[in-house]
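Visitor: The structure follows.
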Amino acid sequence: MANVLHMNGSLEETSYAMNSLLQRKGILRTLPITKKTVAELMCNSRFPEGRLAMADLGCASGPNTLLLVSEMIKVVHKLYGELGQDCPELQIFLNDLPGNDFNHVFTSIQGFKENMKKEMGAQAFIAGVPGSFYDRLFPTHSLHFIHSSYSLQWRSQVPQGLEENKGNIYLASSSPPCVLEAYYRQFQVDISSFLKFRAQELVTGGRMVLTLPGRRGEGSSEKECCYIWELMSIALKQMTSEGLIDQQKLDSFNLPMYMPSAMEVEVEVQKQGSFAIEHLELWDMNWDAYEGEVMSLPAGDGGYQLSKCMEAVFGPVIAHHFDSSREIIDEVFRRYGLLLSDWMAKESPTLVSLTVSLTKRH
Ligand SMILES: C[S@@+](CC[C@H](N)C(=O)[O-])C[C@H]1O[C@@H](n2cnc3c(N)ncnc32)[C@H](O)[C@@H]1O
């Protein structure tokens, strides 16, 4: 996955930068938790080297990347301003897989830094760190705060043992129990590596805020949460029956992700043992990112917008697996958009998210 996965880059119509309002809303919704966590870190920690190091893991490219960075800089500056103390030097690392459009991120950094300096006299040293967060990324005890938003649902690989999931591309109502178990096992392996490596990289008392899509309940009764991917498989199946997509490729396609329940996250954190959970919250927002926005869309367009968001995220993985042209991928998502519009007109489906704030013990 580390070599394949990336969001659609640049600023074109199907790019992540242009289609990530949903994730932006998620970052804004969890901002109070992020700010509170950073404030607690400031109160409880000393920075003897005069340096405060933070990382955003799975930063992607686009407005969300620098939104989070600017909020982290603002909260630290405000707190130190209130204390009448000099702010430590801020070092901010932006991590993603090597295929991420880091060029786009880097070209925005200069102007961003100038604005931060002008607006609040803040100086930050920002660097990109390509690599998988299921490996070591930073030197031992070099970080104070880690943030990650809508990235930890991705698995490091497609789980083994999904042969019986034919006809589905992720967990679905017709998936046998062994499929849920295979996905869950892969989640356990990945999250325990993630926690182990972050524990090595954070100082004692260091903090993390992680947000990822989640599920409300346990076990297979909760497969309804995955209906949105059942619709994607319907679009793919339609195209297979018309000979536009290879049947064997569809049979062997499974999305490398997993949305855990709160309990599943809690169990893994406790098992790994390096972190204390300070706050764990499940919350939801409408899949229609434009719901409640001033610039609301004509009825039915929510599905079209959501399908563009899904194309920005899943398009590259699908194109790689099916070895498909841009036209075929656009057609998959055109059909998916129609199915989504229909679904969203009948229901008001929500994306369940899970946010956890953690402290590194010792
Ligand atoms: C949906 S985007 C979220 C981006 C941004 N945090 C936001 O909230 O808008 C998920 C990002 O996680 C990255 N990602 C997935 N697996 C990763 C891994 N193992 N290591 C680093 N980044 C990863 C993807 O490349 C992608 O850019």
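The values are calculated or read from the model by the stated rules, or taken from the named source; none is laboratory data. Given the structure is predicted, the values throughout are model-derived calculations rather than measurements. Methodologically, a virtual Cβ is constructed for each residue, glycine included, from the backbone with ideal geometry; neighbour enumeration extends over all protein chains shown.
Visitor: Under 30 Å from L280 (Cβ atoms), touching a Ser or Thr at 6+ places or on another chain (Cβ under 7 Å) and surrounded by fewer than 20 Cβ atoms within 10 Å (Cβ to Cβ) - does that describe any residue in the range 53-62?
Guide: no
Visitor: Moving to a separate point now. Tell me which residues, restricted to the range 224-261, are in a helix (DSSP H, G or I) and of a type in the set (G, A, S). I'd like the intermediate steps shown before the answer.
Guide: Within the range 224-261, the first condition is being in a helix (DSSP H, G or I), and the residues that meet it are 224-241, 247-251.
Hits for the range 224-261 are S233, A235, S241.
Visitor: If a residue has to be away from the ligand (no atom under 16 Å from the Cβ) and either assigned to a loop (DSSP other than H, G, I, E, B) or charged (D, E, K, R) (or both) to count, how many in the range 119-145 make the cut?
Guide: From the range 119-145, those away from the ligand (no atom under 16 Å from the Cβ) are 119-125, 139-142, 144; that's our starting set.
Next, only the ones that are either assigned to a loop (DSSP other than H, G, I, E, B) or charged (D, E, K, R) (or both) stay: 119, 121-123, 139-142.
Number satisfying all stated conditions: 8.
Visitor: For the range 319-335, which positions are within 21 Å of the chain's Cα centre (by Cα) and without any contact (Cβ under 8 Å) to a residue 24 or more places away in the chain?
Guide: A319
Visitor: Can you tell me which residue in the range 336-362 is farthest from the chain's Cα centre (by Cα), limited to those that are among the basic types (K, R) and surrounded by fewer than 22 Cβ atoms within 10 Å (Cβ to Cβ)? Can you show your working first?
Guide: Step one: list which residues in the range 336-362 are among the basic types (K, R), which gives 346, 360-361.
Applying the additional criterion that residues be surrounded by fewer than 22 Cβ atoms within 10 Å (Cβ to Cβ) yields 346, 361.
Numbers: K346: 27, R361: 25 Å.
Selected residue: K346.
Visitor: So, one more: Would you mention how many residues in the range 118-141 are more than 10 Å from F197 (Cβ to Cβ) and either touching a strand residue (DSSP E or B) at 6+ places or on another chain (Cβ under 6 Å) or not polar (S, T, N, Q) (or both)?
Guide: Number satisfying all stated conditions: 15.
Visitor: Something else: Which of the helices (runs of 4 or more DSSP H) found entirely inside the range 262-353 contain at least 1 residues meeting this: at pLDDT below 80?
Guide: Values: elements: 262-272, 301-322, 326-346.
Ranges flagged: 301-322, 326-346.
Visitor: Restricting the search to the range 253-272, which residues are touching a residue at least 12 places away in the same chain (Cβ under 8 Å) and over 25 Å from I27 (Cα atoms)?
Guide: Here is the first cut: in the range 253-272, the residues touching a residue at least 12 places away in the same chain (Cβ under 8 Å) are 253-266, 268-269, 271-272.
Once the filter is applied, which keeps residues that are touching a residue at least 12 places away in the same chain (Cβ under 8 Å) and over 25 Å from I27 (Cα atoms), the range 253-272 yields F253, N254, K271, Q272.
Visitor: Just need a number here: residues in the range 146-167 that are hydrophobic (A, V, I, L, M, F, W, C), in a loop (DSSP other than H, G, I, E, B) and either over 13 Å from Q186 (Cβ atoms) or more than 16 Å from the ligand (Cβ to nearest atom) (or both).
Guide: Our first condition is that a residue be hydrophobic (A, V, I, L, M, F, W, C); within the range 146-167, this holds for 146, 152, 154, 158, 162.
Those still in the list that are in a loop (DSSP other than H, G, I, E, B) too: 152, 158, 162.
Going one step further and asking which of them are either over 13 Å from Q186 (Cβ atoms) or more than 16 Å from the ligand (Cβ to nearest atom) (or both), we end up with 162.
Going through the range 146-167 one residue at a time, the tally reaches 1.
Visitor: So, of the residues in the range 234-261 that are small (G, A, S) and surrounded by 19 or more Cβ atoms within 10 Å (Cβ to Cβ), which turns out to be nearest to M344 (Cα to Cα)?
Guide: Going residue by residue through the range 234-261, those that are small (G, A, S) are 235, 241, 243, 252, 261.
Then keep just the ones that are surrounded by 19 or more Cβ atoms within 10 Å (Cβ to Cβ); that gives 235, 261.
Numbers: A235: 16, S261: 24 Å.
Out of the qualifying residues, it is A235.
Visitor: Take the range 5-26 and flag every residue that is crowded, with 21+ Cβ neighbours inside 10 Å and under 23 Å from R207 (Cβ atoms).
Guide: Matches in the range 5-26: Q23, G26.
Visitor: Which one of L202, L195 is within 16 Å of the ligand (Cβ to nearest atom), surrounded by 15 or more Cβ atoms within 10 Å (Cβ to Cβ) and of a type outside the set (F, W, Y)?
Guide: Numbers: L202 fails: within 16 Å of the ligand (Cβ to nearest atom).
When all the criteria are applied, what remains is L195.
Conditions tested, residue by residue: (1) of a type outside the set (D, E, K, R); (2) more than 30 Å from H320 (Cβ to Cβ).
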residue: E89; (1), (2): no, yes
residue: V105; (1), (2): yes, no
residue: I109; (1), (2): yes, no
residue: N115; (1), (2): yes, yes
residue: A122; (1), (2): yes, yes
residue: A127; (1), (2): yes, no
residue: S156; (1), (2): yes, no
residue: E163; (1), (2): no, no
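Visitor: Evaluate the following for A60: is it under 13 Å from F145 (Cβ atoms) and not aromatic (F, W, Y)? Let's see the steps before the verdict.
Guide: Details: under 13 Å from F145 (Cβ atoms): no; not aromatic (F, W, Y): yes.
So A60 does not fit the description; no.
Visitor: Pairs only if they're at least six apart or on different chains, beta carbon under 7 angstrom, first in the range 155-173 and more than 17 Å from E230 (Cα to Cα), second in a loop (DSSP other than H, G, I, E, B) and modelled with pLDDT of 90 or more; list them, first residue then second.
Guide: Pairs found: R155/P256; R155/Y258; S156/S132; S156/Y134; Q157/P256; V158/N254; V158/P256.
Visitor: Among (1) touching an Asp or Glu at 6+ places or on another chain (Cβ under 6 Å); (2) over 30 Å from Q248 (Cα atoms), which single condition is D86 missing?
Guide: D86 satisfies all of (1) touching an Asp or Glu at 6+ places or on another chain (Cβ under 6 Å); (2) over 30 Å from Q248 (Cα atoms) except (1).
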